[in-house]
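Please treat every number below as a calculation from the coordinates, not as lab data. Just so it is clear, the structure is predicted and the values come from calculations on it, not from any experiment. Please note: Cβ atoms are built from the backbone with ideal geometry, for glycine as well, and neighbour counts cover all protein chains shown.
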Amino acid sequence: MRYSDLWKAAGIVLLGVVTSSVAGVPGAPKANDYAGIAKLPDFAGVWELVFSPPRGGGGPPEQPALTPEYTAKLKAYQAAGHQDNPTANCLPPGMPQIMNQPYPIEFLMTPGKITLVIEAYSQTRRIFTDGRKHPDDPDPTFNGHSIGHWEGDTLIVDSVAFSTDTPMAQSWGVRHSDKMRIEERFRLTGPDTMEIVTTVSDPLALTKPFTSTKTLARHRDWDIAEYVCEQNNRNTVTDDGKAGINLNH
């Protein structure tokens, strides 16, 4: 058989495999799936976290109740005098802190998935709503693996598989284990206001789950801006891994 015939035969087989794979994808969108989005609560658009106390969720968030092991880790971190924050060197904070940044978030609603485009650190979260389960052996990531479903007008999101290099609270000394799980409940409280109730649980790092509530406001005339942390970044890293800053650069 000539080489051209071999390539032609291989192309036919490959085309068949690709066509079969696409056709067999669970939850692949159909025409009526797009119409179904219009029946869901309208989360689409650009939202910004509201920090003012009257609209910000009713007071300060509950603080993590750490187990003795993770309390010791925090004390060791504090005793070492760490003043650096890895975000100074452009590392994103990961979940749940990426959702607490003073930068807008765009919600994109498509069949089987809601995508959050987060301006801070140019992060993206994908919330799968097509009925899939979490992978049996997921790769840990900064923002984890998220699946969601609707209960009435509330989107309930379950996230797992987080990198242990990130904090569970504002202080980078408050770390979590690879068992951390986060539930978020998103619902509209007005035409342009959204409430997010976030519950963090971790059987190794926490003695009990802790919950925080925040409010987002929609800005219908906003777009997400480009965020390039590395541009004009004057921070340095010392030999022992601490973040520094070069004011003369």
Task: Restricting the range 96-160 to trypsin sites (Lys or Arg not before Pro) in coil, as DSSP defines it, with at most 10 other Cβ within 10 Å - done: 133
Task: Cβ-Cβ FRET estimate between residue 115 and residue 72, R0 fixed at 41 Å, reported to 0.05 - done: 0.60
- [ ] Lys and Arg at +1, Asp and Glu at -1: add these up for the other residues within a Cβ distance under 11 Å of residue 45 and post the number.
- [x] -4
Task: Neighbourhood charge, 11 Å Cβ-Cβ cut-off, centred on residue 117 and excluding it, Lys, Arg +1 and Asp, Glu -1 - done: -1
Task: Partners for residue 208 among aspartates and glutamates (Cα-Cα distance below 15 Å; same-chain residues under 8 apart left out) - done: 62, 69, 183
Open item on the list: Students often check this: by mean Cβ neighbours within 10 Å, which of 97-105, 135-143 ranks highest, and how do the rest follow?
Closed with: 97-105, 135-143
Task: Full-stretch length increase - residue 231, residue 151 - with 0.36 nm per residue and alpha-carbon distance subtracted - done: 24.6 nm
Open item on the list: So if each residue of separation counts as 0.36 nm, and I subtract the Cα-Cα distance between residue 62 and residue 132, what length gain in nm does that give?
Closed with: 22.1 nm
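Note the full-extension length gain between residue 197 and residue 37 as 0.36 nm times their separation in residues minus their Cα-Cα distance, in nm to one decimal.
55.3 nm
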